[in-house]
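Report on the following structure.
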Amino acid sequence: MKLLPAAAVLRARVALRPRSIVLEDRHGSLDAGELLDLVQLHRRRGRRSHTALSSLPATAPLRQVLVTVLAGNGVLTHRSNGGAGAPRLQQRGPLTPAQLVTLSDLARRIGLGPGRRVACLTPGVHGHGLLVALGALAIGAPMVDLSHLPGPERVALLHRASADLLSGIPVHLRDLLLAEREQGRGHPLHISRVVSGSDTLSPALRADLARQFRARVHDVYGTDATGPLAVDGRPLRGVHLREVDGLLRARTPFTGRRELVTDPGTLIDGVITQVLGGPEGALSTSAMLPDPGGVVRVLRSHPVVTQARLRMVEDELAGTRTIAEVELAPLADDRSIPTPEALQALVRDRLGPASVPHEVRLRRSRTRRTGSG
């Protein structure tokens, strides 16, 4: 997705407020002046020709992503959300005026504005997280990086930061919701807006998020090829949608003059009422994962996971389903134990949605293991 004007313009906007906080994460606060110092250090190392986000590890924190972007010339190579396969590389250049109009309308609809603190659950190396991060940076909205954190740390940082807006894909939002409930803090969080994207937001999860955080919940629909299309079903400025034979077709400032098919769906009076296909962030609908060995390695990379294996089971509706059976360290502290949703999110972030098991089952190891198994 095309995400920003020339990096020089973005650097100039950040320089206008050198003492303002631009980011808060597990390492503390980062103000605009410190961010620009890191950018200049990066540029002096001779990395000016290309902003290759694809060269960053999947675990890169948001501050590293911002430095990499601002040190470049406005051309981005980043990971797409992945769709039905592994995350693909997308290379994009500066934004056009028409694209800025669409993104400005998106920001207005979801309540993103100057000074409004934005907490992001999605890694910045992916399109969703990058769009949120650069939009917040350009507008002057402080960010809170919740990506790559275990549940308790994520909840603690979110409480400290007092975010006005929370953004993520449904699997991240569901995990955060469960972690917040398990923490049982005395004062519940109030977040004005919760923004979901890159996957289907179920009515049940939407209602739970609204009730738990006393929030207005927005469902943003779009793809890497078309850019953002709609908020809560209503098309953004510059977006032209139509339904042909049960397929949604879109022409946007991000597609040029082309009209692209997105997903099967329903359009009534210009409003999307249903999306039936598999959006780009959706979990795999195939029983066979593309890289089973990679999935096991990612699961075992979690500090309290000692063993993991995948197996396929019969399912009346889906035919077969992939289940990940995960063994946890016997002496692991209860607060450090991940939820199944957290492990699904971990796999999605590292390998893409097509690699996510349908279900993760946890069990405690009865004996301490001395080897890697």
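The values are calculated or read from the model by the stated rules, or taken from the named source; none is laboratory data. Please read these numbers as outputs of a predicted model, since none were measured by experiment. Cβ sites come from the backbone with ideal geometry, for glycine too, and all protein chains shown count toward neighbours.
Descriptive notes on the structure:
- Every test in (1) touching a helix residue (DSSP H, G or I) at 6+ places or on another chain (Cβ under 9 Å); (2) over 29 Å from residue 164 (Cα atoms); (3) modelled with pLDDT under 85 is passed by residue 263 save one, and that test is (1).
For every residue, the table says whether it meets (1) under 22 Å from residue 112 (Cβ atoms); (2) not assigned by TED's automatic domain parsing to the domain that holds residue 125.
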residue	(1), (2)
213	yes, no
230	yes, yes
235	yes, yes
241	no, yes
260	no, yes
264	no, yes
270	no, yes
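- Hits in the stretch 244-257 - residues which are over 22 Å from residue 128 (Cβ atoms), modelled with pLDDT under 90 and touching a Lys or Arg at 6+ places or on another chain (Cβ under 9 Å): 257
- Residues of the stretch 7-43 satisfying the condition of being at pLDDT below 75 and under 23 Å from the mean Cα position of the chain (by Cα): 7, 10
- Test: residue in the stretch 250-257 that is part of a strand (DSSP E or B) and not basic (Lys, Arg): yes
- Residues of the stretch 190-214 classified as more than 17 Å from the chain's Cα centre (by Cα), of a type in the set (A, V, I, L, M) and crowded, with 20+ Cβ neighbours inside 10 Å, total: 1
- Selection count, the stretch 85-120, where residues are in contact with a Ser or Thr (Cβ under 6 Å, 6 or more places away or on another chain) and at pLDDT 90 or above: 1
- Members of the stretch 271-291 that are surrounded by 13 or more Cβ atoms within 10 Å (Cβ to Cβ) and either aromatic (Phe, Trp, Tyr) or at pLDDT 85 or above (or both): 271, 272
- In the stretch 162-189, the residues that are modelled with pLDDT under 90 and either assigned by TED's automatic domain parsing to the domain that holds residue 357 or over 26 Å from residue 357 (Cβ atoms) (or both): 162, 184, 185, 186, 187, 188, 189
- Checklist (1) crowded, with 24+ Cβ neighbours inside 10 Å; (2) in a loop (DSSP other than H, G, I, E, B); (3) in contact with a strand residue (DSSP E or B) (Cβ under 7 Å, 6 or more places away or on another chain) applied to residue 124, failing item: (3)
- Extreme residue, surrounded by the fewest Cβ atoms within 10 Å (Cβ to Cβ), among residues of the stretch 161-178 that are within 21 Å of residue 136 (Cβ to Cβ) and not hydrophobic (A, V, I, L, M, F, W, C): 162
- Failed item, numbered, when residue 82 is tested on (1) surrounded by 15 or more Cβ atoms within 10 Å (Cβ to Cβ); (2) modelled with pLDDT of 80 or more; (3) part of a loop (DSSP other than H, G, I, E, B): (2)
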